[in-house]
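Trainee: I am attaching a structure below and will ask some questions about it afterwards.
The numbers here are math on the coordinates, done by the rules we state, and not lab data. Note that this is a predicted model, so its numbers are computed, not measured. Here the Cβ is made from the backbone with ideal geometry for all residues, glycine too, and neighbour counts use every protein chain on show.
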Amino acid sequence: MKKRLNIIKFGGITFIIAGILFFVQYLFLLPLPSPPLVDKELMTWLTRWRFNISMADEVLLFAALFLIPSIVALYQSLVKGDKIKALVGCGILALTIPIYVFLDIILGRLVYPVYNLEFSPDIYKLILSIYYGGMHMIAILLCLATTILCFAIRKSAIGKPAANIGFIVAIFDLIGAFPWLIGNVVVFISQLLFSAWFIFLGIRLLRVSEQVEG
């Protein structure tokens, strides 16, 4: 029991850190306008925003890694109440981690040279399309995972408020999957809610561990 509580407590802390890091990562990318289609303008765009992209790339890796103990803790807190939903929801959420790591590698190719290899504008366009396409897929997976997990969270000690917030977050995750259609303001709200929900889950997990210990 004590080992399980330690896992939940540690996972609560990492959930909070992950939520903060995901939001910081987005803040670095928030000022970036849409990538221009003209080759010369695209190369100028990459040069101008090199620092923001490189910082977002660094933060994204750690945000994804902090999700590992977070998901384990969430599963531990939900498995006794609804094992199937906990398994499916946490499984889908865990699936986003290798995708995040892959996209981190992709994003790094925009700013970090490897063996001084130079890319053409067409290659950079391909890299950008893979990155934005990958983030689109992650948003859909997060929508599915959040929705399933919220049905399990409602019956758990984490509480109905976290589930109710989660349902709203799931809707905005789906909306945020199409940034080229909805504009920066809605994308910002989507990302803010997504990060805030992770932080809220972390706080709730910490309180659950404290209640059991007490």
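Trainee: Explain nothing, just compute: Karplus ³J(HN,Hα) = 6.51 cos²θ - 1.76 cosθ + 1.60, θ = phi - 60°, for every residue of the stretch 100-109 in order, whole Hz, x for Gly and Pro.
Mentor: Working through the residues one at a time gives 4, 5, 4, 5, 5, 5, 4, 4, x, 5 Hz.
Trainee: If I model a spin label at Leu32 and Leu181 as a point 7 Å from the Cα along the Cα→Cβ vector, what separation in nanometres do I get?
Mentor: Rounded to a tenth, the inter-label distance reads 2.2 nm.
Trainee: Which order do Phe15, Phe119 fall in if you start with the one that has the fewest other Cβ atoms within 10 Å?
Mentor: Fewest to most other Cβ atoms nearby, the residues stand as Phe119, Phe15.
Trainee: What number of lysine-lysine pairs in the chain show an alpha-carbon separation below 24 angstrom, given a sequence spacing of 8 or more or placement on distinct chains?
Mentor: Step by step, the pairs that qualify in the chain add up to 19.
Trainee: Between 0 and 90 degrees, rounded to the nearest ten: what's the tilt of helix 2-29 against the longest Cα principal axis of the chain?
Mentor: Approximately 30 degrees, to the nearest ten.
Trainee: In whole angstrom, note down how far apart the Cα centers of the stretch 10-61 and the stretch 146-214 are.
Mentor: Distance between centres, Cα-based: 21 Å.
Trainee: Which ³J(HN,Hα) values in Hz, rounded to whole numbers, follow from the phi angles of the stretch 48-63 under the Karplus curve 6.51 cos²θ - 1.76 cosθ + 1.60, where θ = phi - 60° and Gly and Pro get x?
Mentor: Working through the residues one at a time gives 5, 9, 4, 5, 4, 5, 5, 5, 4, 5, 5, 5, 4, 4, 5, 4 Hz.
Trainee: Any idea what the relative contact order of the chain is, in percent, if you count C-alpha pairs under 8 Å spaced at least 6 apart?
Mentor: So the answer I get is 31 percent.
Trainee: Mind checking the dipole of the chain: about its Cα centre, +1 per Lys or Arg Cβ, -1 per Asp or Glu Cβ, Debye to the nearest 20?
Mentor: Dipole about the Cα centre, nearest 20: 1000 debye.
Trainee: In a Debye calculation with equal point scatterers on the alpha-carbon sites of the stretch 2-209 and no solvent, what is log10 I(q)/I(0) at q = 0.16 Å⁻¹?
Mentor: Reported log10 I(q)/I(0), two decimals: -0.99.
Trainee: Same structure, new question: Please state the shape class of the stretch 30-126: rounded when a/c is under 1.5, otherwise prolate if a/b exceeds b/c and oblate if not, all from the C-alpha gyration tensor.
Mentor: Prolate is the answer for the stretch 30-126, as a/c is 1.5 or above and a/b outweighs b/c.
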